[in-house]
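Laboratory data are not the source of any read-out in this text; all were calculated from the coordinates shown. In this text the structure is predicted, and so the values were computed from the model without any measurement. Counting neighbours? That spans all protein chains shown, and the Cβs are built from the backbone with ideal geometry, glycine included.
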Amino acid sequence: MLEGTARRNLWPLVLGQSVSLLGDYLGFFLALPVFVRDASGGSATQLGLLGTFETVAVLGFGLIAGLVIDRSRVRRTMVIADLARAAAFALLALAVALDVGEVWMAFAVAFLVGALGTLFDTGLEGVMPAVLTDDLLVTANSRLQVGRNLAQTGGFVLGGVLLATTGGIALALAVDAATYLVSAAAVLLLREIRPRSMAPPEPVLSSLREGLRTLWRLRPVRWATAAASLVNLAFAPLAAVIPIYVPEELGIEGTASLGLFFAGFAIIGAAGVVLGSRVIGVIGLGRTIVLGTVLLGAGATGAGFAHGWVGVVPFGVAAAGVSLSQVGFVTMRQRLTPPDRLGRVIAASRTIAWGGIPIGLMVGTPLADGIGMRALFGAGGLLIVLVTAVLLVSPLWVRTPVD
């Protein structure tokens, strides 16, 4: 009976998030940067600031989000986060439609979505062990990553079409708002197969310290978290300048073509992560994280040398690497962390991992204006390769019982 309920939970879990991510890739990852690009005259620094506002919110609210999840009714908290994000995008869509939208509004939405997204994502990862059996965690995480890549494909294709039309940015933002409502409905359909362990009431600082101590004691998770922080530092500025890099360096111009380019490398990324469950079964969770990092570094480096539509391939390899690493990393955290501290460990790990992003954005995006974007991709890819070399002698390269 529990197995049947767990399998039924897979559908709303995966489909709800896939629809929500479709909206995010359409609105947050495409329409919002295009709006900032157009409003700021194509400044890489302004695009970097957009990512910085989101990341600062993640870092500032991250640890508290974990404590909230450990002490609250997690599904209700996730629904509230979805409804608030829907309202934020709906208001921005209205402002853009009325031609009163300004760059600071995009920054405000990025900050709010970063904070609420941290709360939701921590809750999502934390609720999965309560609604799924242990053997379904890899399956669910793999399907979520496939859904993410397919949503990226659909979001960028649809976005390319919408943004090529008058009023397309406002419509894309409105669609993103609507998809958060779908996500909220999907969360309400989930049914727990085992009770969640709630954190005992204790002082906030003591609870937060316990989460950090638990993360430190989990050596594979600790190493994966540190590696993710360095990789994010290297890759964040590369991701931020893609809307400029593709037309200026690869020569793929036009909003519709930009959407098709993003869709192309997302398809390659999805094809790679489809094999995620089998890869984990053969080499284990830790080595899957290392393999994903290798692919990301190779893809980022290759993107710096690509021209034209050939650039779809290295970007796709990088996308597959990100997805593989994410499946291994998330599943490892879920399996190794005690249930009553899962929210805090997830939040602490995410906060540290995301800590490299604002540094990368603040240093890397202005650097792109100085040394050129191709040189930036080469430097970022090289740093990721160096991180991989260290991981080969880390605990992640050793098989563990959770594999």
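Quick look at the values:
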item: Value at 222 nm in deg cm²/dmol, rounded to 500, when DSSP H runs of n ≥ 4 in the chain each add -39,500 (n - 2.57); result: -28000 deg cm²/dmol
item: Cα radius of gyration and Dmax for segment 228-387 (Å); result: 16.3, 51
item: Contact order relative to length of segment 2-397, as percent, for alpha carbon pairs under 8 angstrom and 6 or more apart; result: 28
item: Cα centroid separation, segment 222-265 to segment 352-403 (Å); result: 13
item: Nearest-0.05 FRET efficiency for ALA164 and ALA97, computed from C-beta distance (R0 25 Å); result: 0.90
item: For segment 49-69 and segment 133-178, distance of Cα centres in Å; result: 22
item: Karplus-derived HN-Hα couplings along segment 110-127 (A = 6.51, B = -1.76, C = 1.60, θ = phi - 60°), whole Hz, x at Gly and Pro; result: 4, 5, 5, 5, x, 5, 5, x, 4, 4, 5, 5, 5, x, 4, 5, x, 7
item: Student exercise, the chain dipole from Lys, Arg, Asp, Glu Cβ charges, in Debye to nearest 20; result: 1480
item: Prolate/oblate/rounded label for segment 278-372 (Cα gyration tensor, a/c 1.5); result: oblate
item: Dipole axis of segment 2-397 (+1 Lys, Arg; -1 Asp, Glu on Cβ), positive-most option in PRO358, VAL187, ALA87; result: VAL187
item: 20 Å binning of all Cα-Cα separations within the chain, expressed as whole percents from 0 upward; result: 28, 62, 10, 0
item: Extension gain (nm, one decimal) between LEU188 and TRP104, 0.36 nm per residue minus Cα-Cα; result: 26.9 nm
item: P(r) tail fraction, segment 122-279 - alpha-carbon pairs more than 20 Å apart, %; result: 69
item: For q = 0.11 Å⁻¹, Debye-computed log10 I/I(0) when each Cα of segment 15-115 counts as one equal scatterer; result: -0.37
item: Sequence ranges 258-269, 114-125, ranked by mean other-Cβ count within 10 angstrom, highest first; result: 114-125, 258-269
item: Residue exposure sequence - MET78, MET128 - by fewest surrounding Cβ within 10 Å; result: MET128, MET78
